[in-house]
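Encoded as structure tokens, the structure appears first; notes follow it.
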Amino acid sequence: MSAKRGFIEVVEEFFKQTKILYIDNNPFIYKQYSKEPGLVKWFFIKATNLFVKAYPFVLEPQSRMLRETSFMEDESKLVQTPHIIVKDWVSVSIIREYINGIHFDPYFDEKEYFRIGKEMALIHNSGYVMGDTKYTNFLKTNNKFYVVDAEQAIRSNSYSYMFWDIFVFITTIIYKIMADNPFRGKDLVRERISSFLNGYISAIEHDYYSILSNIDKFNYKTIIFVLLPYPYYTIFNNMIKQLIHN
């Protein structure tokens, strides 16, 4: 398991909106949605998204808080999330349960990738899409995965948005592995992403062919080409096309 801090971790640290809060020596997570770095992050993401219209991101702190708390408090969803203890709409902040675990690690083996693929499918089976599915938003504890960030989660059965969730997760994995292993990255990506996609397909209740076929839409072709450098663009594209045509 790699201990190096890559590009994704550095960006995460800079834009962090959460901190550990101790009450009677018990840890909780305090999150303030109006914190300046978080606003900057979502401003750039939303501005970039205007050109490709991949997902209906929101910038306003209240909107992001509403999306996240609505998702986490929905007892019908099929995935685990922390319990929210306090909601303060004046300061636009929450206190939630502290989950003692580790973030999904891109160097987990293929078995864990298969499992996280199934988790993604369960989110979509619950009638939600996330918008922001970078690997650091998934926490593993006691052999379970928790979704710990859902600021952009909405109720939707849009196959286009489901594809976006798949793409974002894979892209952040690629960036981490590519940065750490410039010479072995291609093989590591192929093995792990294949397991992730197979896990997703094994559990999704929607038509996975229609979901993955979004790769041929102009807006996704554009953003995939822009965000994934060669040869990872080709690897991702070929893996999806192979699954579509099987």
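Compared with the dominant principal axis of the Cα atoms in the chain, helix 185-203 is inclined by about 70°. As I understand it, the value is the acute angle between the Cα axis of helix 61-72 and the longest principal axis of the Cα atoms of the chain; what does it come to in degrees, rounded to 10? Between helix and principal axis, roughly 80 degrees. For the chain, the longest principal axis of the C-alpha atoms and the axis of helix 110-125 are separated by about 70°.
Once each part is reduced to its C-alpha centroid, what is the distance from the range 111-137 to the range 172-246 in angstrom? Result: 14 Å between the Cα centres.
The aspartates and glutamates whose alpha-carbon is closer than 14 Å to the alpha-carbon of K118, local same-chain residues fewer than 8 away aside, are E110, D165, E205. Length gained on full extension, S210 to R190: 5.0 nm, using 0.36 nm per residue less the C-alpha separation. Across the chain, the relative contact order, built from alpha-carbon pairs under 8 Å that are at least six residues apart, equals 20 percent. Remark: the chain carries 49 Å² of accessible area per residue (probe radius 1.4 Å; ligands, DNA and RNA excluded). Close amide-amide hydrogen proximity is noted between H103 and K140, each under 5 Å apart and 5 or more residues distant or on a separate chain (H modeled in the peptide plane; Pro and chain starts excluded).
Pairs spanning more than 25 Å between alpha-carbon atoms, out of K140/K217; K77/K140; K111/K241; K53/K144; K111/K176; K19/K87: K140/K217; K53/K144. Tell me the carbon and sulfur percent of the accessible area for the range 102-245, rounded to whole percent, probe radius 1.4 Å. Whole-percent figure for carbon plus sulfur exposure: 53.
Available extension along the chain between F225 and L21 is 69.3 nm, counting 0.36 nm per residue and deducting the alpha carbon span.
Using the Stokes-Einstein relation with a Kirkwood hydrodynamic radius computed over Cα pairs, the translational diffusion coefficient of the chain at 20 °C and a viscosity of 1.002 mPa s comes to 116 µm²/s.
The values are calculated or read from the model by the stated rules, or taken from the named source; none is laboratory data. Just so you know, these numbers come straight off a predicted model, no measurement behind them. Protein only, heavy atoms only, side chains kept; ligands, DNA and RNA dropped before computing areas. Shrake-Rupley method; radii C 1.70, N 1.55, O 1.52, S 1.80 Å.
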